[in-house]
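Only one structure is covered here, and it is reproduced in the block below.
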Amino acid sequence: MTAPAAATPPPIELIGLNKWFGSFHVLKDIDLRVREGERIVVCGPSGSGKSTLIRCINQLEKNQEGTVRIHGRAYGASARENDAIRRDIGMVFQSFNLFPHLTVLENCTFALTWVKQTPKREAEALAMEFLTRVRIPEQARKFPLQLSGGQQQRVAIARALCVRPRIMLFDEPTSSLDPEMINEVLDTMVELAQSGMTMVVVSHEMGFARKVADRVIFMDQGEIVEEAAPEAFFTAPQFDRTRLFLNQILHG
Amino acid sequence: MSDVMTPAGSAFEATPARRFTPKPARPAPASTLGLRGWIRQNMFSSAPNALVTLLGLWLVYVFVSAIVSWTLVNAVWEAASRRECLDQVGRGGACWPGVVAWIPNLIYGLYPKDQVWRINLAALVLVAWAIPLWLPRVRSKLAIGLSLVLLFPFFASYMFLGGEKGPVWSALIALGLAAFFWVMATSAAEIATGRSFGRLVVVALGAAGRSDAYRRRLHVAALLVLYVAALAVTASLSLSFVQTRLWGGLFLTVVISGFGIAFSLPAGIVLALGRRSRMPLISLLSTTFIELFRSVPLITILFMFNTMLPLFLPAGVEVNQLVRAIVAVCLFASAYMAEIIRGGLQAIPRGQYEAASAMGLGFWQATGLVIMPQALKIMIPNIVGNFIGLFKDTTLVSIVGLFDLLSMARAVGEDTRWLGLFLEPFFFITMIYFVVCFSMSQYSLNLENRLSAGQRR
Ligand SMILES: Nc1ncnc2c1ncn2[C@@H]1O[C@H](COP(=O)(O)OP(=O)(O)OP(=O)(O)O)[C@@H](O)[C@H]1O
Ligand SMILES: [Mg+2]
């Protein structure tokens, strides 16, 4: 990794992040800096706050304490400013969240048309380019519910990429897929990683983590317990909690 | 690239694999296919089933033949009074001349005969305005639909009411008329050339290559020309005043339910969003309004508005009885519509909103472009059901002294010539209600099928 010039602010910076759902403390003193082009895989037991963490990055969840900065810009000034910051971030969800009333192509051009005011023809060309990249250009005229889960998730990835985000967030993108379809989605993500995109991925696909992650983060009970390069993380985890978790998912 | 997951396939290679060949598909048994197969399977599959089928057919026959013989076979078509009918066939056949003589009143109420063309003209304008919404080549559908709901009422109100028109009222009427001119112009332009009216004007004046601002100014100028033309037409139009007391019959029913339908959908959307709002005051106000109007019968609301509204208004301000009824119906319908739409909104998963929000869409964009279209679509049957209910509920306005279709039908039997003729007019208006409501429900089915065509798994 070439170290970015000190002057350019990091893509994602979480400082002293705390979040509560009612009186329940979900995220506790989270500090995280993600470098340009860095790929981070977040894992941890269910309910440990992984989704909440990643959703704080684009402020789908608002944190009560601490600062979230994207490319040096902090959220919170105004709703308009928040929406502007968000446009640099693409997100892919566990349940795809494609818009069922629009075709695949319209799903992809949606943000271009309504957020970036791109002319229709240009938007469609761009959308087709990304649909080709995720290898489903032939499905462009279909509706999302007519596709398989794996295809839907690839459309979701293409849709997120269309606005040319500089950061991509993935929240368990393969956990609602049938086993045969997991690979086609992971392959797409590997290609994306190789293109140099800054990525934060919540996933339990350890093969994927080994292959593309620069850093693996393990969370439990709202805290970042351990973070390390994949090799160190999988072969020599420091904490007992991490070892227990790895034992469970690798040999369970 | 599929080494992303650790593949387990190689472990199997020690033993040779058996080959799996799927069985070919066979056609379904002949006895279950075709009309005969269907009849045998569904109507005569067993002795009890056959018995029920025959009993059902017999009942249908008895019922239909009774109706046909009363309405058609034994009916009287020419007579000067009910007495003559009774002399000819007694009570065994319908006496239609009474209904025929009253048809103008059943449709227009007591509206002056020589002015009825105004209602017909407005109805024609309404139809012409709405037709482009179904033409595939017309693209400005949203603008046409909105103008129909928002501006047609001005034009129609003047056509129906007539009378003196001050400058403000004239300006509004002309606005409605100009919108109609625009709808006609842009529909024609889009059908003929594929360009909207504004674009066509720009191109026709040879200004296609000029700057955006210049073209926009031309466009506005063209719209102004339409408006001035509409003003001129409005000024030259002077219609006699027809009091709302004379409005009645199907016409009145359509006016009241038309206002109710056009108002309740947008108002229901606003109320439903208000009720779900995170701002406590807005949510409280919307909820209070909805629950208040939903927990009181329409009759009561009509009474309240009729007798109590004048108490709240400053002395001297007179609100027309029809307006009072329309306001009551609109508010009542909105409260119901709000709950229907809220149901639709609740069926849309949170993820839809989150996906839109993650793309950088604001609340209103996400709501208007992602959530609301889906919510409205799944609620089409309920929304149209509500419209149908509303259309029928307008019969209640007879309570506050308005002569809707039902009251007019009742009036036939009180006419001295047709004294006691109740069944026939009721049969006639039943048919009218049935045709209107059934068409609405069929259209809703059709719409539902078309909209969800691409979306079934
Ligand atoms: N909107 C909410 N309101 C209240 N509690 C919530 C909400 N969302 C999440 N939680 C709680 O916060 C905790 C962390 O949730 P989160 O979804 O971040 O966990 P996770 O690590 O993503 O788990 P999983 O692997 O099951 O997705 C859980 O205990 C959950 O019940
Ligand atoms: Mg989660």
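Quick notes
- Qualifying residue in segment A:66-89 (condition: within 16 Å of ligand 2 (Cβ to nearest atom) and either touching a helix residue (DSSP H, G or I) at 6+ places or on another chain (Cβ under 7 Å) or of a type in the set (A, V, I, L, M) (or both)): no
- So residue A:250, is it touching a Pro at 6+ places or on another chain (Cβ under 9 Å), not in a strand (DSSP E or B) and not aromatic (Phe, Trp, Tyr): no
- The residue of segment A:35-51 that is farthest from ligand 1 (Cβ to nearest atom), among those that are within 14 Å of residue A:202 (Cβ to Cβ) and surrounded by fewer than 21 Cβ atoms within 10 Å (Cβ to Cβ), is A:45.
- The residues on offer are A:185, A:200, and the sole one that is more than 16 Å from ligand 2 (Cβ to nearest atom) and either of a type outside the set (D, E, K, R) or assigned to a loop (DSSP other than H, G, I, E, B) (or both) is A:185.
- Filtering segment A:203-229 to residues that are β-branched (Val, Ile, Thr), touching a helix residue (DSSP H, G or I) at 6+ places or on another chain (Cβ under 8 Å) and assigned to a strand (DSSP E or B) leaves A:216, A:225.
- Any chance residue A:209 is of a type in the set (Gly, Ala, Ser), within 11 Å of chain B (Cβ to nearest Cβ) and in contact (Cβ under 8 Å) with a residue 12 or more places away in the chain: yes
- Here B:387, B:391, B:363 are screened, and the one residue that is within 12 Å of chain A (Cβ to nearest Cβ) and of a type outside the set (Ser, Thr, Tyr) is B:363.
- Annotation note: Cβ proximity below 8 Å between a residue of segment A:37-54 that is within 14 Å of another protein chain (Cβ to nearest Cβ) and a residue that is in a loop (DSSP other than H, G, I, E, B) and within 11 Å of ligand 2 (Cβ to nearest atom) (sequence gap 6+ or interchain) occurs for A:41/A:203; A:51/A:172.
- Here segment A:10-22 is the region considered, the condition is being surrounded by fewer than 16 Cβ atoms within 10 Å (Cβ to Cβ) and within 10 Å of ligand 1 (Cβ to nearest atom), and the residue that is farthest from the other protein chains (Cβ to nearest Cβ) is A:20.
- Taken together, the residues in segment A:90-109 that are at the interface with chain B (Cβ under 7 Å from one of its Cβ atoms) and not in a loop (DSSP other than H, G, I, E, B) amount to 1.
- Helices (runs of 4 or more DSSP H) fully within segment B:221-329 that include at least 2 residues being at pLDDT below 90: B:298-312.
- Checking each residue in segment A:51-65 for being within 16 Å of ligand 2 (Cβ to nearest atom) and of a type in the set (D, E, K, R) picks out A:55, A:61.
- Residues that are within 16 Å of ligand 1 (Cβ to nearest atom) and assigned to a helix (DSSP H, G or I), drawn from segment A:54-84: A:54, A:55, A:56, A:57
- Residues that are more than 16 Å from ligand 2 (Cβ to nearest atom) and not in a loop (DSSP other than H, G, I, E, B), drawn from segment A:38-50: A:39
- Count of residues meeting criterion [touching a residue at least 12 places away in the same chain (Cβ under 8 Å) and more than 16 Å from ligand 2 (Cβ to nearest atom)] in segment A:157-178: 12
- The single condition among (1) in contact (Cβ under 8 Å) with a residue 12 or more places away in the chain; (2) out of contact with any Cys (no Cβ under 6 Å at 6 or more places or on another chain) that residue B:263 does not satisfy is (2).
- Criterion: within 29 Å of the chain's Cα centre (by Cα), on the phi > 0 side of the Ramachandran plot and not β-branched (Val, Ile, Thr) - qualifying residue of B:194, B:274, B:206, B:258: B:194
- Selection from segment A:145-156 of residues that are within 12 Å of chain B (Cβ to nearest Cβ) and free of Cβ contacts under 8 Å to residues at least 40 places away in the same chain: A:146, A:148
- Residue check, residue B:248 within 30 Å of residue B:405 (Cβ to Cβ) and touching a Phe, Trp or Tyr at 6+ places or on another chain (Cβ under 7 Å): yes
- Counted residues, segment B:386-423 - those being over 16 Å from residue B:325 (Cα atoms) and among the β-branched types (Val, Ile, Thr): 3
- Taken over segment A:127-147, the residue count meeting the criterion of being surrounded by 19 or more Cβ atoms within 10 Å (Cβ to Cβ) and in a helix (DSSP H, G or I) is 5.
- Taken as a whole, the structure places residue A:115 among residues that are within 13 Å of chain B (Cβ to nearest Cβ) and among the aliphatic types (A, V, I, L, M).
The values are calculated or read from the model by the stated rules, or taken from the named source; none is laboratory data. Since the model is a prediction, treat every value here as computed from it, not as a measurement. Glycine gets a Cβ as well: all are built from the backbone with ideal geometry, and neighbour counts include every protein chain shown.
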